[in-house]
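Below: one structure in structure tokens.
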Amino acid sequence: MKYLTNRKLSLATILLFSAMSVIGFSANADSSIDKMHKGYDKAEQCLGCHGSYEENAKKTANLGKWNPHNSIHGGYVDCTNCHKQNKVEKNYCAYCHEYQPAAKK
Amino acid sequence: MINSKTDLSRRSFIKGIGATSIAVGTSAVFSESAEAKDVVKAPENVYESVLGDDVNCIYVKKGDFNGPKGPIGFENRQIAKSEITKEYNCDVAVVGGGISGLIATLKAAEEGAKVVLIEKMTEGRGAFECFGSVNSRTQREAGVKTDKAVLLGEMHRSASYRIGPDVVRTYVEKSGEATDFMEQMFKKGDKGFVIAPMPLRPKYPNTGAPVIDAECMFYNTPGLPKDVRFRSGHVGVYIIQDLTNTAKKHPNVTAKYSTPAAQLITDKSGRVTGVIAKEDGKYIQINAKKGVILATGGYDANPEMMKAYLRPEDYSSASWWNPCWGTTGDGHMMGLKVGAAMDPVPHAVMNFTFGSPESFHIPAVRTLRAMGLYAVVNDDGERFVREDAAFQSISNATNRQATFGKKSWLLFDDTMISKNKEIFDKAIAAFAQLKTKGWLFEANSAAELEAVMKMPKGNLVNTINKFNAFKKAGVDQDFNRDMEFAKEFDGKKYYALVCNSVILATVSGLIIDEHGRVLNSKGNVIEGLYAAGNASGDFFSGNYPRHIPGTSMGRAITFGYLSALHAVKGA
């Protein structure tokens, strides 16, 4: 397993997923929160329910080393860069910095 | 207004199609069908349609866009007078608070003008660490003598002569003066930034590119944290902060952040008299007696514009680096809407090599000695470019490989990493994480490496043998790399690190004259409208010429300065 090729990696991923689906199908199914977010793909839609960008930035003021919604590089940042519906799909900060948002307290 | 005719003709096209199916055989229908053939499809977005009827598409296969998306300020619709909630009056309105916008703001303010600066984001973009300049105070005092003719000649050659002579010549003549102004502004700031000539370190000595001494840096600034001083792009953030503070404190400046510009205002003569922006979600009108300066940057964070004006291969497989995503081409679009001329497409992109699939490779890897000695191969284990070429050239060659689904790999062995044990160990430690991501492969021989990477059998071994033979003979028969600065592969460990092209910015824009005044499609000045930095054009073509020192930052500073000077004082 030391030198995984892309092909092997994707095979491993498929195996992992099939294993997971056998263990617990319900864990993979969409939760009610997932379902609620279906079709919400634009930043304006996000902000429509979750409040303004600035309000969200206030909520994440203590989320790890810095505030992902009010960084030194400037906002507003379009929600869909990092979020896909109710999930964080890309952690853009981590592309350049060691950054893992801390869980909410 | 410009688009109304286009919309009409497209509507008649759709009507024409409908008519064909109903009444086949009439001559009227035939002529409508003939017309219909010219109008192939309705525009997908405003970026396709903004040029109105005088538009011609160059058809290319669509590319994938995986880059960031910024908030767009430009609005194509007519914003009614009744929607304006507030008016501000000033002499000069500056749109964009990056380097060119701040220099423009400060220069206009220092000349006594009342300035309103609007920036869409909470911070202006500051992604730089040095800049091009000719004959500034610090360069003169250090005895730097720039060969202006060589610099100017290389700028033209790098743009394939697709540019006019005035803007680049003005850069060469006036960038020193603009640099000296920026130096004065640093004296008003509280961070104590120091400008000094960049020591001349020829990067591309035997590639045909001239060695030009025309760059300044900030690294001599006392008190800057060590990791900030030499981190590319890092120091720029602090410089923008410093200039922003100075601008905000200036009695002549009103600075508004989180205030996107939506469109320009013109009077009956076509003169630009102001700009409409959005403040706290409401429209405001800023009346600018002496001019509006567009300093909005490029459009690397606007997927639709990237697709409309760039080669698909330049972005389809690339990574993005710049973290401030206000660059959505608002200035380009606002200018086009009032009739401005823009650089011909495809536009020039500022691209770089050493990319990971996400961004740049981490510094622990990027700064290795191996990065100067590596060979570059594709998924088949074959070289495809001279590795000592300018970074944009390697980036282009990488994109060419990606067009056919082939990744690029930096190939090196353990003898190339570093002779310093501490650096060597740090690199090896960093490799662990890269391996888990599938970005780095390691093996005990070339044969083993090509096997684990599933390359065609014998290819990589052959490539390395050939490379070593070229080194021995002193001539690279395949790509003419200067083998004096190459090292043979003879280590115990072989490595392949994935290598993406990285997009930093777009660098084509609105055509300006030597004062920064935006021109219309006939080459006449649009009164009251200026553009600077990456919103402006007539400077680059094809690629940003990374082998010429700092011309992107240099032009931003120079034309921020010159446009403000002209707006306030005239020619």
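The values are calculated or read from the model by the stated rules, or taken from the named source; none is laboratory data. It should be emphasised that the depicted structure is a prediction, and the values quoted were computed from it without experimental measurement. Here the Cβ positions follow ideal geometry from the backbone for every residue, glycine too, while neighbour counts run over all protein chains shown. To get the accessible areas, we keep the full protein, side chains included, count just its heavy atoms, and leave off ligands, DNA and RNA. Shrake-Rupley method; radii C 1.70, N 1.55, O 1.52, S 1.80 Å.
Across the range B:440-466, what is the total count of residues that are part of a loop (DSSP other than H, G, I, E, B) and more than 10 Å from chain A (Cβ to nearest Cβ)?
6
Return the total of residues in the range B:483-525 being among the basic types (Lys, Arg) and not in a loop (DSSP other than H, G, I, E, B).
Residues that pass the stated criteria total 1.
(1) open to solvent by 40 Å² or more (accessible area, probe 1.4 Å); (2) closer than 22 Å to B:PRO323 by Cβ; (3) not in a loop (DSSP other than H, G, I, E, B): which one isn't true of A:GLY48, the others all being true?
(2)
Just the residues that are more than 23 Å from B:ASP330 (Cα to Cα), at pLDDT 95 or above and either open to solvent by less than 10 Å² (accessible area, probe 1.4 Å) or under 19 Å from the mean Cα position of the chain (by Cα) (or both), please, taken from the range B:96-134.
Scanning the range B:96-134 gives B:ALA109, B:ALA113, B:PHE131, B:GLY132, B:SER133, B:VAL134.
Then there is this: Which condition number does B:VAL345 fail, the rest of (1) among the aliphatic types (A, V, I, L, M); (2) over 30 Å from A:ASN91 (Cα atoms); (3) at pLDDT below 95; (4) open to solvent by less than 40 Å² (accessible area, probe 1.4 Å) being met?
So B:VAL345 meets the others, but not (4).
Next question. Tell me, please, whether a residue that is part of a loop (DSSP other than H, G, I, E, B), in contact with a Leu (Cβ under 6 Å, 6 or more places away or on another chain) and modelled with pLDDT of 95 or more can be found in the range B:378-391.
Yes, that holds for at least one residue.
OK, next. What tally of residues in the range B:187-230 results from selecting those that are under 30 Å from B:PHE479 (Cα atoms) and part of a loop (DSSP other than H, G, I, E, B)?
The number of residues fulfilling the criteria is 16.
Residue-wise test of (1) within 14 Å of the chain's Cα centre (by Cα); (2) open to solvent by 30 Å² or more (accessible area, probe 1.4 Å).
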| residue | (1), (2) |
| --- | --- |
| B:ARG517 | no, yes |
| B:SER521 | no, yes |
| B:LEU529 | no, no |
| B:ALA532 | yes, no |
| B:GLY537 | yes, no |
| B:PHE540 | yes, no |
| B:ILE548 | no, no |
| B:ALA556 | yes, no |
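Spot the failing condition for A:ALA12; the list is (1) in contact with a helix residue (DSSP H, G or I) (Cβ under 9 Å, 6 or more places away or on another chain); (2) at pLDDT below 80; (3) within 14 Å of another protein chain (Cβ to nearest Cβ), and only one is missed.
Condition not satisfied by A:ALA12: (1).
Test A:LYS65 against the criterion of being modelled with pLDDT under 90, more than 9 Å from every other protein chain (Cβ to nearest Cβ), surrounded by 12 or more Cβ atoms within 10 Å (Cβ to Cβ) and over 14 Å from the mean Cα position of the chain (by Cα), and give yes or no.
yes
Next question, about the same structure. Out of all the residues in the range B:154-178, which are open to solvent by less than 40 Å² (accessible area, probe 1.4 Å) and either of a type in the set (D, E, K, R) or over 26 Å from B:LEU519 (Cβ atoms) (or both)?
Across the range B:154-178, the qualifying residue is only B:GLU154.
Within the range B:521-530, can one find any residue that is among the aliphatic types (A, V, I, L, M), more than 22 Å from B:THR296 (Cβ to Cβ) and modelled with pLDDT of 95 or more?
No - not one qualifying residue is present in the range B:521-530.
Kindly indicate the residue of the range B:348-369 that is within 14 Å of chain A (Cβ to nearest Cβ) and either among the acidic types (Asp, Glu) or open to solvent by less than 10 Å² (accessible area, probe 1.4 Å) (or both) and also farthest from B:ALA532 (Cα to Cα) among those meeting that condition.
B:VAL365
So B:ALA469 ticks every box in (1) farther than 30 Å from B:GLY297 by Cα; (2) in contact with a Ser or Thr (Cβ under 7 Å, 6 or more places away or on another chain); (3) outside any loop (DSSP other than H, G, I, E, B) but one. Which box is left unticked?
Status for B:ALA469: all satisfied but (2).
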